[in-house]
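Report on one structure; see the data block that follows.
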Amino acid sequence: MNASIDMTQPAINGVTEKPLSDASSTKSNSQIWYRPTISHEHGVYVVLLVSFLTGAALAQAWTLATTLALVCAFFGFQAEHPIVLQIKQRRSLKPRFLVWGGVYSAVSLAIAFYLYLSFPILLWLYLGAVAALVVDAVSVFHREQKSIFNEFITFAAVCLCAPLAYAATTGTLSATAMGLWVLNTLYFSSTIFTVKLRKPKTSSIVPGVVYHAIATLIVATLYYLGWLPLIAALAFGLALLKFGLIALNQEWYRTAKIQWVAMLETGTAFCFLTLVALSILPAHLTRF
């Protein structure tokens, strides 16, 4: 994915490993494909889980299909990881990336097809995810994976987990489910502009101010149209508050340890989840 989503940027096994001796290198190269590839983009796990849970909360139920949808989304995300790594290493084929990209893709596609047989409406969400993967792959090929456009598309793809959870549970799609997708996308895409403030070359707050102004207008429109309940719409205020505090404390934010940044993003994400989930509780629960 990209730096906005994974702010830890750890070394990738099999790509940045230290050289081995000739004998051990030969043995390692013959066995490396056995080791599963696991994405270290921890931020994506948070985005995926929060988005999925908002959709499940809207559905107000959890079925076997809901669990399968979550597994499908998880393996779909894991499949993207080795595929992107292989594109980056396009001058040579890496068996490990090909094998595990194929395994994860096969599991995700098998579950997706099974769910589609029961809920054909899911096809539209699948097409959206595939389109986002193609855009991401092209961006990686042209070394533009860190562009604002590609990062936004990536967030939009992961946030499809919200309508996925709802559709897999209820068998339908609603305006509110799609409203949650837009809300999640706009909320998490705010991170693109906060993280860029840590880098001198992208430290201008102007793009962030423009983005949050437009996003606020979109969220207000969704509320006006009845696609979002009031509390869910107001939950976007967390993104505004976070961006405002960071913009006013840029010196601290640029020098803060990445662990503190990750804790800030994770903490506010789960506060966002709590507010959105409360806003779509059944009526007999919201009276208490």
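The values are calculated or read from the model by the stated rules, or taken from the named source; none is laboratory data. Nothing here was measured: the structure is a model prediction, and the numbers come from that model. Cβ sites come from the backbone with ideal geometry, for glycine too, and all protein chains shown count toward neighbours. Ligands, DNA and RNA are excluded from the accessible area calculation, which covers all protein heavy atoms including side chains. Shrake-Rupley method; radii C 1.70, N 1.55, O 1.52, S 1.80 Å.
Some notes on this structure:
- Within the stretch 179-218, the set of residues being part of a helix (DSSP H, G or I), under 22 Å from GLY43 (Cα atoms) and aliphatic (A, V, I, L, M) comprises LEU180, VAL182, LEU183, LEU186, ILE192, VAL195, ALA215.
- Filter result (assigned to a loop (DSSP other than H, G, I, E, B), touching a residue at least 24 places away in the same chain (Cβ under 8 Å) and open to solvent by 50 Å² or more (accessible area, probe 1.4 Å)) within the stretch 118-145: ILE121
- Of everything listed in (1) part of a helix (DSSP H, G or I); (2) free of Cβ contacts under 8 Å to residues at least 24 places away in the same chain, the single unmet condition for THR169 is (2).
- THR221 being assigned to a helix (DSSP H, G or I), at pLDDT below 95 and hydroxyl-bearing (Ser, Thr, Tyr): no
- Residues satisfying the stated conditions in the stretch 167-189, i.e. open to solvent by less than 30 Å² (accessible area, probe 1.4 Å) and either farther than 19 Å from LEU133 by Cβ or outside the structural domain of LEU264 (by the TED database) (or both): ALA167, ALA168, THR169, GLY171, ALA177, GLY179, LEU180, LEU183, LEU186, TYR187
- Which listed residue is over 30 Å from SER279 (Cα atoms), open to solvent by 50 Å² or more (accessible area, probe 1.4 Å) and modelled with pLDDT of 90 or more, from TYR104, TYR114: TYR114
- Selection from the stretch 226-251 of residues that are open to solvent by 20 Å² or more (accessible area, probe 1.4 Å), within 20 Å of the chain's Cα centre (by Cα) and within 14 Å of ILE192 (Cα to Cα): LEU240
- Just one of (1) open to solvent by less than 70 Å² (accessible area, probe 1.4 Å); (2) at pLDDT below 90; (3) in a helix (DSSP H, G or I) fails for ARG254. It is (1).
- Taking the listed residues LEU115, LEU85, the one that is assigned to a helix (DSSP H, G or I) and closer than 30 Å to LEU173 by Cα is LEU115, with no other qualifying.
- Residue ID - farthest from the chain's Cα centre (by Cα), chosen from residues in the stretch 146-162 that are modelled with pLDDT of 95 or more and in a loop (DSSP other than H, G, I, E, B): LEU160
- Flag for ALA277 being closer than 20 Å to VAL46 by Cβ and among the small types (Gly, Ala, Ser): yes
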